[in-house]
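Heads up: the structure comes next, in structure tokens.
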Amino acid sequence: MGLFSLTGATGYAQNATNKPLNIIYIMTDDHSYQTISAYGSQCNQTPNIDRIGAEGTIFRNSFVTNSISGPSRAVLLTGKFSHLNGFKTNYDHFDGSQQTFPKLLQQAGYETAVVGKWHLTSDPTGFDYWNILLGQGDYYNPKFNKMGEITKKNGYATNLTTDIALDWIE
């Protein structure tokens with residue numbers, strides 16, 4: 001799971017009071033629309049994901065051009081097909097010098113962070129703060145790379161990622 005959190009002092013998205021909106025983008029692994037009850041799944045009940053969707057936005061007309069873990073993230077970050085962003089397989093190296101949506105949000109005055117699974121074999125760029133799992137990430141007692149410092153944390157990766165993200169947001 002990766003959390004892209006974007007909070008802002010200025011920016012494009014604004015509400016009725018003309019204050020910039022906070023944006024929190026949560027990306028989870030291995031959840032197709034058939035596995036989330038907010039999308040009408042009959043096989044799973046996902047009340048917490050459903051609540052987040054009900055209070056925010058559910059994308060009902062979005063598509064992936066590469067559904068493999070790392071390449072999917074590269075497509076999301078760049079808005080480019082895998083053959084154009086250079087990250088076609090989980091064994092490639094992501095070129096962080098290219099334009100990404102977090103960099104654009106930074107330019108618009110947002111503070112950006114990524115926490116959790118990165119899986120792009122490079123350090124994140126375009127983020128004011130990052131604390132990512134190494135590689136795929138271990139489920140239990142994983143290693144994190146916090147802005148270049150590797151530490152091992154005791155616990156379950158999802159809980160640790162959530163706690164780290166909430167600490168940053170606060």
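Listed values, structure above:
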item: Relative exposure of 147, 27, judged by other C-beta atoms within 10 Å (fewest first); result: 147, 27
item: Proximal charge balance of residue 122 [Cβ under 10 Å; K/R count +1, D/E count -1]; result: -3
item: The chain, relative contact order [Cα under 8 Å, separation at least 6], %; result: 19
item: Signed unit charges on C-beta, dipole axis of the chain, positive-most listed residue 91, 159, 28; result: 91
item: Contour excess over end-to-end distance, with Cα ends at residue 34 and residue 139 and 0.36 nm allotted per residue; result: 35.5 nm
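Bear in mind these aren't lab numbers, they're just calculated from the coordinates by the rules spelled out. Computed from a predicted structure; not experimentally measured. Every residue, glycine among them, receives a Cβ derived from its backbone with ideal geometry; neighbour counts consider all protein chains shown.
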